[in-house]
Amino acid sequence: MITPCEVAESWPVPDAGSHKYTRGVVGLDVGSERYPGAALLSIAGALGTGVGMVRYLGDAPRDLVITRFPSVVVADGQVQAMVLGSGWGTLEYARERLDAAIERGVPLVLDAEALQLLPAELPPGSVLTPHAGELARLLKMSRARVEANPRVAARRAAVRFGATVLLKGSFQPVANPKGKVRQAIAGPAWTALAGSGDVLAGACGSLLAAGLAAQQAALCAASLQALTATRFPGPWTPDVQAARFPAVVAELVDRWRG
């Protein structure tokens, strides 16, 4: 299992020479008019990690996005990573959206509906974030088999699809395409609620954009969510917990790197 010290040491902390582009720019093609909350939750997860810029490139109402998060840019441009699928709600035009993201040549985080488009030739350093049911469908096995041995299932998917796999749940293994599996820090069961995965995908994408390798980005994003839920226990909603990410990151860095 990754440790809080390793999370802190891996975290992309800016220095005096940093600016918004060196800190990473993540593009989010998530959410829709039907599911605008997914867009807001993914944005909250991304912003909470300290990424330099978030570009919102999805179909949720732009005025809703910038009213809630005025620092978000709602125009296309340079990105170092992309997050796709959360809150799409449909596969209409999904293949075109995935192909357009692949053409950018940057690492991708695929969640929710975007996972249904596999297999696809993904850019190096990409991450899949399925829950047990989604991973079972990808591997054509029962959910019970995935839940009985999540490490084996995550490893099998990572090798098959050539991408790092973060299996969401109470036991969160992260497998890379070479078959190496590590476990994220475990958190309380309070995090098992709608919207947590959207926050996690945004956080993972922002850490990829900041330069972390895929497996480390996934481990750190999942561990941050768990550490925040441990630090602030109770039935807090994912957006509230995402707003606490900066304080938890600051505590980690101060304790383990200070």
Dipole magnitude of the range 33-101, debye to nearest 20 (Cβ charges: Lys/Arg +1, Asp/Glu -1, about Cα centre): 180 debye
From the Cα centre of the range 146-225 to that of the range 75-109, the distance in Å is 19 Å
For the range 187-258, just say rounded, prolate or oblate: build the C-alpha gyration tensor, square-root its eigenvalues into a ≥ b ≥ c, call rounded for a/c under 1.5, and beyond that prolate if a/b exceeds b/c, oblate if not. oblate
What is the chain by shape, rounded, prolate or oblate, if you read a ≥ b ≥ c off the alpha carbon gyration tensor as root eigenvalues and call it rounded for a/c under 1.5, prolate for a/b larger than b/c, and oblate otherwise? rounded
Size of electric dipole in the chain: Cβ of Lys, Arg +1 and of Asp, Glu -1, about Cα centre, debye, nearest 20: 820 debye
Among THR3, CYS220, ALA242 - extreme Cα towards positive end, dipole of the chain, charges at beta-carbon: THR3
Positive dipole terminus of the chain, leading residue within GLY195, GLN172, GLY85 (C-beta point charges): GLN172
Could you sort the peptides 109-118, 13-22 by per-residue average Cβ neighbour count (10 Å cutoff), highest mean leading? 109-118, 13-22
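Computed from the coordinates by the stated procedures, all read-outs in this text should not be read as laboratory data. For clarity, every value in this text was computed on a predicted model and none was experimentally measured. Counting neighbours? That spans all protein chains shown, and the Cβs are built from the backbone with ideal geometry, glycine included.
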